[in-house]
1. Look through S72, S46, S59, S12 and report the one residue that is of a type in the set (S, T, Y) and assigned to a strand (DSSP E or B).
2. Can you tell me which residue within the stretch 75-102, out of those that are in a strand (DSSP E or B) and hydrophobic (A, V, I, L, M, F, W, C), is farthest from the chain's Cα centre (by Cα)?
3. All but one of (1) at positive phi; (2) touching a His at 6+ places or on another chain (Cβ under 6 Å) hold for K49; which doesn't?
4. Examine the stretch 7-17 for a residue that is over 14 Å from N87 (Cβ atoms) and surrounded by fewer than 18 Cβ atoms within 10 Å (Cβ to Cβ), and state whether such a residue exists.
5. Anything in the stretch 50-59 that is surrounded by 14 or more Cβ atoms within 10 Å (Cβ to Cβ) and over 21 Å from Y23 (Cα atoms)? List them, or say none.
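Quick note: the coordinates plus some simple rules give every number you see, no bench work behind them. If you're wondering where the values come from, they're calculated on a predicted model, not measured in any experiment. Here the Cβ positions follow ideal geometry from the backbone for every residue, glycine too, while neighbour counts run over all protein chains shown.
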Amino acid sequence: MIRHMVLTKFTSETPESTILDIYAGLRRLTEMMPGARNFGGGRSQSPEKIERGYMHGFSIDFDSWSDLQAYSENEDHKALGGQIVANAEGGLEGVLVLDIEV
């Protein structure tokens, strides 16, 4: 299984409702994509308080690397990813992506 994790430093001007809308779209996409499951995301509530500005994140589990690739190439994913980048501090500089085989 592949765990796809995305952390974002959204700009202070980005309303929480916009972030929730993006995450709702990602949840719907996860439910539609073969080999994708377990979308979870939101605002950090860590008691450690060491987010370093990355206050929002989400993860999606994929059955295989090819399922992750299909998700990456999906037009809805590209549109939602574009919204994340457009609202992140410094654009792509405000986004971290990790894909880990678990």
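1. S59
2. Checking each candidate, the answer is I100.
3. (2)
4. Scanning the stretch 7-17 turns up no residue that is over 14 Å from N87 (Cβ atoms) and surrounded by fewer than 18 Cβ atoms within 10 Å (Cβ to Cβ).
5. Of the stretch 50-59, the ones surrounded by 14 or more Cβ atoms within 10 Å (Cβ to Cβ) are 51, 54-59.
Once the filter is applied, which keeps residues that are surrounded by 14 or more Cβ atoms within 10 Å (Cβ to Cβ) and over 21 Å from Y23 (Cα atoms), the stretch 50-59 yields nothing.
Rundown of residues vs (1) closer than 20 Å to I22 by Cα; (2) surrounded by fewer than 15 Cβ atoms within 10 Å (Cβ to Cβ); (3) charged (D, E, K, R), yes/no style:
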residue	(1), (2), (3)
M32	yes, yes, no
F39	yes, no, no
E48	no, yes, yes
D61	yes, no, yes
D67	no, no, yes
L80	yes, no, no
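The rows are residues; the columns are (1) of a type outside the set (G, A, S); (2) touching a residue at least 24 places away in the same chain (Cβ under 8 Å).
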{"position": "M1", "(1), (2)": "yes, yes"}
{"position": "D21", "(1), (2)": "yes, no"}
{"position": "L29", "(1), (2)": "yes, yes"}
{"position": "G35", "(1), (2)": "no, yes"}
{"position": "Y54", "(1), (2)": "yes, yes"}
{"position": "I60", "(1), (2)": "yes, yes"}
{"position": "S64", "(1), (2)": "no, yes"}
{"position": "L68", "(1), (2)": "yes, yes"}
